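Asks: The structure under discussion is supplied below as structure tokens; questions concerning it will follow.
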Amino acid sequence: MSTKIKTSNRKKSAANAPEAGGPGIGAEEKIRPGKTVNRGEKLVDPLQDSFRYILSLQGKNPDLESVRAAMESAGDFLEPAGLQEMADKIGMKAQIKKIPFGMLGELAAPVILLLKEKKAIVRVPAQGEGVGCYLPGKGKVEWDQDSLRDSYLGHAVLITAKGKDDATTAHMWKQGKVDWFWQPIRAYWPGYAEILVCSLFINLFVIALPIFTMNVYDRVVPNFAVDTLFVLTLGITLALSFDFLFRTIRAHILEKVAARLSVRFDRALMERLIDLSPDATSMTIGEKTNIFKELQGLRDFYSTRLVPAFVDLPFALLFILVIHWIAPAVTLVPVAGVLAILAVQTVMQSLLTRSTRELFTTTQSKSSVLVEMLGGVQAIRMFGASGARLARWSESCEHAAASARRNQSALNVAGNLCALIMALVNVFVVFFGVYAIQSGDLSIGGLIAATILSGRAVAPVTGVAAVLSRLKQSRDVLRTIDTIFSTPSETELAASLGKKGPFSGQMELRNVTYQYKGQSMP
């Protein structure tokens, strides 16, 4: 049976082989769409083999199989996007360019040409009428211009080494501090631009309500101008409707960006943890599990709270300018409130720093104990260690609860002080507004409008203060995750090595010892 199979394979290879002296692939040789090329009995991935050939021309022979094994599987053979990911992992850059066929002759370096039926070849600069090419699985061949033009899809892949600037961002462990976190966020800047536009209209519509109130009290009520009242009511209704629309759009964009970031962060962190060697980190399974939980909270914080808070902050100045236009006598009151809130947050930062660091440490410890106990329930019962383990669990819960209580108390004090300052701002706006009315510099409607706007002027600063408090807590989480991304992974180390194998399957070890990190004895 095996003899017949081998004979059949040889016949099939002979039938598919190009004629002597003919082109590499002509009318006689057909490759089914989406199928790889046969090299003997081994299937060859067109893009991966083309990539390997270009690297060999540059004197590089990385272990692409190890790199491919660490990539998220998307099929039996690489797509162009997968080729870009593979190139990035070994410190190269794969750029997909739309290049007309007539301009290919101007390229001085080999490029991968994407052909019909999911095939690919490497075009090598050559002289003469023919075009020198490397056909995956076949080797160097020569194609005529017309045949290549008919198969070419119009896109080529340029393989280049990363420059100095690109090399610093080649792998997460080579980046600057927490660049692994900020770069994906910066990648979605078009979405944040849309958020900025929505925030602009939202804050402009905020001014509509105080202006409406001022005009009603100052012009409609004294004269009972019904027509003016109807017009103003219709206008403010439209403004509030658009305010609702833009708030909904902004929330939708924020959630969409947050969802995409969540997928990228979770995948990147899991990929990094899988690639790390066992002795590269001393974190337990429970601590690693808690990292994913904390990362989810960071994603929600940075994408849904941090951006709106800082986008709305510049409009506090706009509200103060409108207050100065309506009631110059009370302008200094919201300004003083803003400065007071900033002073409170500055004083509270040192206390929040200590409490948040302690909270993160105790939460990590509690999560570690939890996973260890749940994973060893049968062993605990078998050895009668329930009492000791429950005591350890109770101790970790008490420490975590105490840390959470102290941290929340500090946050409550800061929040309550900010709320007190906001209330005092309203009180003193009314207080000084009464004197302005008495002197004839302010109307009753203007006082009401200034009171509403003073709260809106202080609110963005209060929101930023709350965000800064949460930012202290996120720093410890970011620092911990950054240590994971700062450690070289096995895939990155393998990419710099040559191809492994072939192995004979025979190995003998003598007088070998191994010592885990942190142990005094092997």
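Asks: Can you tell me how much longer the chain between residue 349 and residue 57 gets when fully stretched, taken as 0.36 nm per residue apart minus their C-alpha distance, in nm with one decimal? Please list the in-between numbers first.
Replies: Numbers: separation 292, 0.36 × 292 = 105.12 nm, distance 5.66 nm.
Stretched fully, the residue 349-residue 57 segment lengthens by 99.5 nm.
Asks: Could you quote the convex hull projected area for the stretch 250-389, Cα atoms only and averaged over all directions, in nm²? If you can, show how the numbers build up before the last one.
Replies: Numbers: hull surface 54.8 nm².
Spelled out: convex hull of the Cα atoms, projected over all directions, averaged, 13.7 nm².
Asks: Given H placed on each backbone N at 1.01 Å, which residues far from residue 120 in sequence or on other chains put an amide H within less than 5 Å of it?
Replies: 115
Asks: Answer rounded, prolate or oblate for the stretch 285-367, using the Cα gyration tensor with square roots of eigenvalues a ≥ b ≥ c: rounded when a/c is under 1.5, else prolate when a/b is larger than b/c, else oblate. The partial results should precede the final answer.
Replies: On the way: a/c = 7.41, a/b = 2.32, b/c = 3.19.
Taking the square roots of the gyration eigenvalues as a ≥ b ≥ c, the stretch 285-367 is oblate.
Asks: Kindly state, to the nearest 0.05, the FRET efficiency for residue 219 paired with residue 242, given R0 = 22 Å and r defined as their beta-carbon distance. The partial results should precede the final answer.
Replies: Working: r = 24 Å, r/R0 = 1.08.
My answer for the efficiency is 0.40.
Asks: Ok, one more. Counting other C-beta atoms within 10 Å, and keeping those with at most 13, which DSSP coil GluC sites (Glu not before Pro) do you find in the stretch 68-117?
Replies: Values: sites: 72, 85, 106, 117; in loops: 72.
For GluC sites (Glu not before Pro) across the stretch 68-117 that sit outside H, G, I, E and B with at most 13 neighbouring Cβ atoms in 10 Å, the list reads 72.
Asks: Still on this structure: Using R₀ = 45 Å, calculate the FRET efficiency as 1/(1 + (r/R₀)^6) where r is the Cβ-Cβ separation of residue 251 and residue 514; round to 0.05. Could you put the intermediate results ahead of the total?
Replies: Values: r = 53 Å, r/R0 = 1.18.
The computed FRET efficiency comes out at 0.25.
Asks: Extending each Cα 7 Å along its Cβ direction at residue 204 and residue 116, get the distance between those two points in nm, one decimal.
Replies: 5.3
Asks: Also, I was wondering about something else. Mind listing the phi-derived Karplus ³J(HN,Hα) values for the stretch 427-437, rounded to whole Hz, using 6.51, -1.76 and 1.60 with θ = phi - 60°, and x for any glycine or proline?
Replies: My calculation for the stretch 427-437 gives 4, 6, 5, 5, 4, 6, x, 4, 5, 5, 5 Hz in order.
Asks: Give the calculated FRET efficiency between residue 158 and residue 342 to the nearest 0.05, with a Förster radius of 51 Å applied to their Cβ-Cβ distance.
Replies: Working: r = 51 Å, r/R0 = 1.00.
Rounded to the nearest 0.05, the efficiency is 0.50.
Asks: Ok, one more. Multiply the residue gap between residue 229 and residue 149 by 0.36 nm, knock off their C-alpha separation, and tell me the result in nm, one decimal place.
Replies: Value of the extension gain: 21.6 nm.
Asks: Non-local amide H neighbours of residue 143 (under 5 Å, H modeled in plane, Pro and chain starts lacking H): which ones?
Replies: Under 5 Å from the amide H of residue 143 lie the amide H atoms of 131, 133, each far enough along the sequence or on another chain.
Asks: What does the charge add up to near residue 225, with Lys and Arg as +1, Asp and Glu as -1, over the other residues with Cβ less than 13 Å from its Cβ? Write down the numbers at each step before the final one.
Replies: Working: positive: 219; negative: 218, 227.
Once positives and negatives cancel, what remains is -1.
Asks: If the label point is 7 Å along Cα→Cβ of residue 424, which residues in the stretch 340-366 have backbone nitrogen under 13 Å from it?
Replies: 340-345
Asks: How far apart, in nanometres, would the label points at residue 262 and residue 284 be if each is projected 7 angstrom from Cα along the Cα-to-Cβ direction?
Replies: So the two model labels end up 2.8 nm from each other.
Asks: Please list, in chain and number order, the residues 5+ apart from residue 92 or on another chain whose amide H is under 5 Å from its amide H, with Hs placed from the backbone.
Replies: Residues meeting the amide H criterion: none.
Since every read-out is calculated from the coordinates, none of them should be taken as a lab result. The model shown is predicted, which means the values in this text are computed figures rather than measured ones. No Cβ is skipped: glycine too gets one built from the backbone with ideal geometry, and neighbour counts run over all protein chains shown.
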